[in-house]
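All remarks here apply to the structure that follows.
The values are calculated or read from the model by the stated rules, or taken from the named source; none is laboratory data. The structure displayed is predicted, hence computed values, not measured ones. All Cβ positions, even for glycine, are placed from backbone atoms using ideal geometry, and neighbour counts span all protein chains on display. Please note that ligands, DNA and RNA were not included when accessible areas were found on the heavy atoms of the full protein model with its side chains. Shrake-Rupley method; radii C 1.70, N 1.55, O 1.52, S 1.80 Å.
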Amino acid sequence: MDQTTLQVYAVLFVFATALLAYTARYFQRRGRRRPQRRLAGMGRIAEWTSRSIEANRPLHLALGGAAVGGDKTAIALAEAEFFYHVIEGAQASDVAPIISTAAGSSVPLGQDTLRRALPEGGDSLSRVHWYPGELAYAAAVTATMKEDEPAAHILAGSFGAELALMIDSADRRGQGSLALSDRLDGQAVAYAMADEVLLGEELFAAAGYASEDGRAQADAIVLDVWRALVIMGVGIALLLEVAKRMPWLNWALVLSVSAILLVFGLLIYRRR
Amino acid sequence: MGRGQRYGIALSAFVAFAVGVVTALSLLLGDNPALFGEQPGSAQLAGLLALPADVLLRLATIVVALSIVIGIANLLTVHVGRLARGKAYSAVMLASFGFTVFWYVARQGDTSLLEAVQVPIESALAALLCLSLLHGGSRVLGKRADIWGLLFVAVVVLVLLGSLPLAELAPVQAWRDWLMRVPVGAGARALLLGIALGTVVTGVRALLGQDRSFRG
Amino acid sequence: MDEEFNWLKYSESIEASAQEEEAQSSRRGLRRFLPRLPGRPSLPSRPSLARLPRLRLPSLPRLSRRPASTSGQPSAAELLGGQQERPLDDLDDRLRALRGRSVVTTQPANQALYDVDDILTSPELQSKPGGVISAAALSKAQQQQVEMLRDIVGGPEQSQGTGGRRELPAFSLSAVPRLLGRALLVLVVCLPFVSSDYAEGELPPAEFHEDRPGPTAFYNLLDNISGDDTILVAFEYGPTAAGELDLLAELLLRHIFAQRARPLIVSSNPIAIVHAQNIIRGINRSLAGADAQLLHGEDYFLLRYLPGGALGLRELSQNFADVVRISAKGLPTGLEFEALDEMTEIVLIAESAEAVRNWVEQVLSAPGGRRLLVTTGYAAQPLAQAYADSMTSIVGPVTGIRDAFTYGEKLAKNFGALLPNAPIDPEAGPEVLPVNVVSDSQAELPRATEAQIEVAPATALPQPTATAPPTASPFMTATPPPTETPLPTDTPAPTATEATIRAVEVISEQSVNIRRGPTTVDEILGLGYQGDIFEVLGTNGDGSWYNILLPGGVRAWIAAFLVEERVVTASEFAGGQASASADAPPERAVLQLDFSLRLSKNRPRFYQAQPPTSGGGDRPELILSRDRGLEVPRLQAMTLGTLAAILVIVFGNTIYAARGLMRRRNSQGS
């Protein structure tokens, strides 16, 4: 497939996404809410928010290396949306949340998020911390863990293995952690060490789970639809590839087996 | 919300939408002169269409480059404030900042502090990172006592064993290579696919002026 | 998240009851004499934790709508602090504690609530087995609530990961395994530096394994550059990865300098450029005795940094002339390149997979026969390998310290040094290095062939004249190809003879796949077009596939029915090369014979493995002056450290698994 064809497909994909988003939003407005799938990692956020309010301790929200203006702009925007809803939930706390970032261009985004989510903007200028460099960022965050004693850390952004330093430090101090990274090494560390973990595209859906905002929930639905389509596509491609290597396989056989499986499935379903 | 504010929001949403669409179209058409066929002047036309994207992306690059100034201003503001509240680490940070600037100016651009201070400190941090990773790896089943946790530990051990340069472990090295090539490759692609889908959805939201920044 | 609890209704009911209470209490006590504090609204205080029904937590959006959170309202703690209506003695302990927390605002955040902590840690309760929880015989839900209360007020810890503990005990037995694990790792890692008795594992080989053609091709391509060439070196790592990648970066730079080529160093990380400069300063320090130091602006260039990550790389790719014009210090470089394609090679030293992806997407995707030579840290290796397997324009990856060691070995060997850590023996006999590639042997790599060249005996610092210097762009220029005739020792140009070369020519009108192995399921390395001519190394068993040689020393296979075997004379071959090079400016020559094989289809192109350099470049002192002091102990420390890590991980997880099983059994029993 040449580059032009690819680009045309990409544009069509974007249009289809926009169409889906409008459709999902339409149904959201009409009140037809689709039950969202369960995101285990989101369950603790309410608990941590309450702790932040009751114990007068801030939440720490980490953007990591996601920068506005580069290829991670969308990740930074999705994080900001997610953090907006978390901050809104914790706004009753006497201590405003801290947002940390390793990218200078994300500082205004963090300040804007705090300003919008907190009553009268809070102290948004001094609650966004910028620490450039990956390990330097991790080290500075551990210092914050000691000095500000956050109730919990939501480390949802772009991290590498340095995530281990932060989660380990939080763990030793009894501070909860939810982690997610768009990078493979960071994601592995998050899975192994964090109290709660989100995976890949769940970052983009998280805002829909942390709020009842119709737009955010519609976006989560669009993501689910695309995800299902991609999984189906991969599955079909896999089946076709397997079928290619089995010369004895033919449509009659496939249909027969499918029919048998369908009947069995229906029987089991009815028994339950 | 006042009328002026509403107009402001509408204007910013429109600007975002217009810039996004212009950039996307310019990239699509400008990068593909083949779309205009073989007629004379098609290359020039493509070049002309590519211009808006070039200009806008260059502007974005300049803004991003300037963001380091925002970062430094933020760093100083935040830590001066924290120093006033008695935070010790902020004092260390400000002192280091001042000393580095002084050193660079006084020594006329000498960057030896980078090698003498930052590289050793970051290397030490990387070593500490190993210890943290080790601790995390040793208690995976404490955090996630399920089949997936067990699988995770098994893979970690297998990969580590496979990386040992011991001739006796040659079969394990073959397994490790397979693991890294097939399941890890598949996992990485799945993760990237998910991120890409999310990026498109968020991008569309921003393009349509639905992002919170445009909502006032 | 509690979906049932409606904070608004609850808040209203509390407000009503509180107003009623206020009305009743306003007639008694000191309250009658106290003025209402300015700015204090008549809202009730937030109910104490004890009054919360079953301590259920409200959901996030509902929390955000409650009255206390609206703009300009004081917080719950402030409200409590301002409550002067009721005598303190009337308050119960918990409310007094809450009030104390809000009044004494100067207290540090980790100040525990008064009394509550004392109650929770009272000897009566703690003397009971199991502490307060078992003493009260609470249900599981109640236990969780007690733990939560303890977390909030800073009581002693009993639970893990609840996210609210404030003070760490001075020393806890649970820290012992952590300390032991770390101590073990530190100890074993230090051992090889203390004594050579603890050497474990094998050192990396002196040649890259033949299963990995990527690193070999990488080395050969850099070995074929010359004084006319300019190499773009992307330093995409900062001090974080210095321990892992510095050695490799230094070797690559020394290799380039030794060939008298000029590196242009560029990065999207400003600190990386400064770090690169310091590496070159280190090389200069090691050359202290040599006559010439490496100079910025002559031998190498540090270009301005590229802000914006992928955006910056896009600019590099499309506006290269602008990028090379300015140095890292903002001064003019005097370089006048028009396009990135004028670089002989592009070398990427990347710490993260993200950097690799950005370079591939932004630089390689642009039109032009670009090729990317990739070196990475271990974290980026899987992605880089996937790219290298699927894209012929990506060469490598050379990964981490072990590959750096092998690379150094190859350099040292080719540039006349002796084996690592062995004393340099001036009596050593002449080392014989392979040079030609025309061979039917399928077991040997291209360099192991009949035609060989003798080089001078290795000395501590061989002079450049003693070795045969490499030719400029050896497989591209008018240099006659090597033949089976042994070459003279002191001339770089092989003698042109009428010796023949067994070759195949692509006859298929469609592009044909060139694969890693002689089957259709083997990986595709590239495409060949009609008229392309490849040197043949041999055939498979039934003659249905030809084993051919690509530039860069890469062996590949092509299906026999798509090609026609023919014999090419050396002069014909040289003529083909000359005509190919005549069509292009000299600095583009190598790229025109890119083994990605996707260039012009109009004229025959001749693919032959390049003659290797004959044991060193123009400046071997750049290779041989390298200090290799701690390389071997470092590698051994890595091996021992990995062993210790495996032990700790297995042991730790076994303990946790056993604990989990016991807990489960106990809970089932109860």
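Just a few scattered comments:
- Net charge dipole, the range C:213-420: roughly 300 debye, given to the nearest 20, about the Cα centre with Cβ charges of +1 for Lys and Arg and -1 for Asp and Glu.
- Taking the 1.4 Å solvent-accessible surface of the range C:213-420 as the whole, the part contributed by carbon and sulfur is 51%.
- Overall form of the range A:1-77 per C-alpha gyration tensor (a/c, 1.5; a/b vs b/c): oblate
- A/C buried area, accessible surface, summed, 1.4 Å probe, Å²: 3600
- Computed over protein heavy atoms with a 1.4 Å probe, the carbon and sulfur contribution to the accessible area of the range A:193-272 reaches 72%.
- Report note on the peptides C:643-651, B:193-201: ranked by the mean count of other C-beta atoms within 10 Å, highest first, their order is B:193-201, C:643-651.
- When the listed pairs A:Lys244/B:Lys143; A:Lys72/C:Lys410; A:Lys72/C:Lys329; A:Lys72/A:Lys244 are checked against a 32 Å cut-off, the alpha-carbon distance exceeds it for A:Lys244/B:Lys143; A:Lys72/C:Lys410; A:Lys72/A:Lys244.
- Net +/- balance of residues flanking C:Pro263 in space, Cβ distance below 13 Å, scoring K and R +1, D and E -1: -2
- Contact order, relative form, for the range C:213-420: 24 percent (alpha carbon pairs under 8 Å, 6 or more residues apart, mean separation divided by residue count).
- Residues of the range C:232-252 whose accessible area (probe 1.4 Å, heavy atoms of protein chains only) drops by at least 30 Å² once all protein chains are present, relative to their chain alone: C:Pro239, C:Thr240.
- Heavy-atom accessible surface of the range C:213-420, averaged per residue, reaches 28 Å², computed with a 1.4 Å probe.
- Evaluated with a Cβ-only charge set (Lys, Arg +1; Asp, Glu -1), chain A carries a dipole of roughly 1520 debye about its Cα centre, given to the nearest 20.
- Among A:Leu199, A:Leu61, A:Leu180, the residue with the largest mean-square fluctuation in a Gaussian network model of chain A, with springs joining Cα atoms closer than 10 Å, is A:Leu199.
- Accessible surface buried once B binds C (1.4 Å probe; total of both sides; Å²): 3800
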